[in-house]
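Structure first, commentary second.
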Amino acid sequence: MNKDSSHSSIVQDIAEYYGSKVSAYGETPRGVDWNSDEGQITRFRQLTKVITTETNYSVADLGCGYGALYDYLKTSGKTFEYCGYDISEEMIRRAVNRFCGSKGATFILSDKINEMKNFSIASGIFNVRQHYSDDEWLSYILSVLDNMNQYSEFGFSFNCLTSYSDDFKMKSYLYYADPLVLFDICKRRYSKDVALLHDYGLYEFTIIVRKSYE
């Protein structure tokens, strides 16, 4: 597996966490640590707003799990090339088995995108920090965003739990990001065209970074 040595312990811990989830709950939203199908679809609806082209496109799904985003994208009727990346061997094994023979679907065991795509998407991969500090976790997030930016031709999107969550609902092993901080970082570091979506009824936000089509 391709792994950034500076965050190798984080990557290993995340792989073990999600591997245990899919082993326990199977190829369901709970298997990737979401509560429901409805919430998962709501997230995909926000994240895929980065895809604005009506023509054929390519997309990298970082933290693809068992491939639920591929299922969602197929409902659009558009032609696309999909590459899912995940750090859990069990997730990749299940995704490959689910989509064996599916046209335009590839799955790779890696914590980084390694081939240019039109768009890249990351859903839920920044939530479970476990025992790591805020500074360690933010450093990890920025390394992932740098990678997404490098390999996204037209733009990328990601989501995070929000620091505006109710205090009594917040859990110590989860990371609640400040949406204003990440918006500012994306605006200064990646593109002048950045959207912050924080209005879809979940205790999280989505950021979309758009690049020029020229």
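Each reported figure results from applying straightforward, stated rules to the coordinates on display, with no laboratory input. It should be emphasised that the depicted structure is a prediction, and the values quoted were computed from it without experimental measurement. Glycine also receives a Cβ, built like all others from the backbone with ideal geometry; neighbour counts cover every protein chain displayed.
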For His131 and Asp178, compute 0.36 nm times the residue count separating them, minus their Cα-Cα distance, and round to one decimal in nm.
-> 15.1 nm
Could you pull out every residue, at least 5 positions away or on a different chain, whose amide H is within less than 5 Å of the one on Gly124? Hs are placed 1.01 Å off N in the peptide plane, and Pro or chain starts have none.
-> Asn159
Identify the residues of the range 174-214 with backbone N under 18 Å of a label point that sits 7 angstrom from the Cα of Ser143 along the Cα-to-Cβ direction, or state none.
-> 175
Calculated on alpha-carbon atoms, Rg and Dmax of the range 32-141 in Å = 14.2, 43
Overall dimensions of the chain by Cα: Rg and Dmax, Å | 16.0, 47
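At 0.36 nm per residue, minus the direct Cα-Cα distance, what do Phe168 and Thr106 gain on full extension? Give it in nm, one decimal, please.
Working: separation 62, 0.36 × 62 = 22.32 nm, distance 4.07 nm.
Additional length available on full extension: 18.3 nm.
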Under 5 Å from the placed amide H of Tyr203, counting only residues 5+ away or on other chains, we find none
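Beta carbons within 10 angstrom, averaged per residue: use that to sort the peptides 69-75, 204-210, highest first.
On the way: 69-75: 16.9, 204-210: 24.3.
Peptide ranking by packing, descending: 204-210, 69-75.
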Compare the peptides 157-166, 57-66 by average per-residue count of other Cβ atoms within 10 angstrom and give them in order, highest first.
-> 57-66, 157-166
Cα-centred dipole magnitude for the chain, charges only on beta-carbon of K, R (+1) and D, E (-1), debye, nearest 20 = 500
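Could you give the size of the charge dipole of the range 127-177 about its Cα centre, using +1 on the Cβ of each K and R and -1 on the Cβ of each D and E, expressed in debye and rounded to the nearest 20? Show your work: numbers first, answer last.
Working: 3 positive and 7 negative charges, 41 e Å.
In total the dipole reaches around 200 debye.
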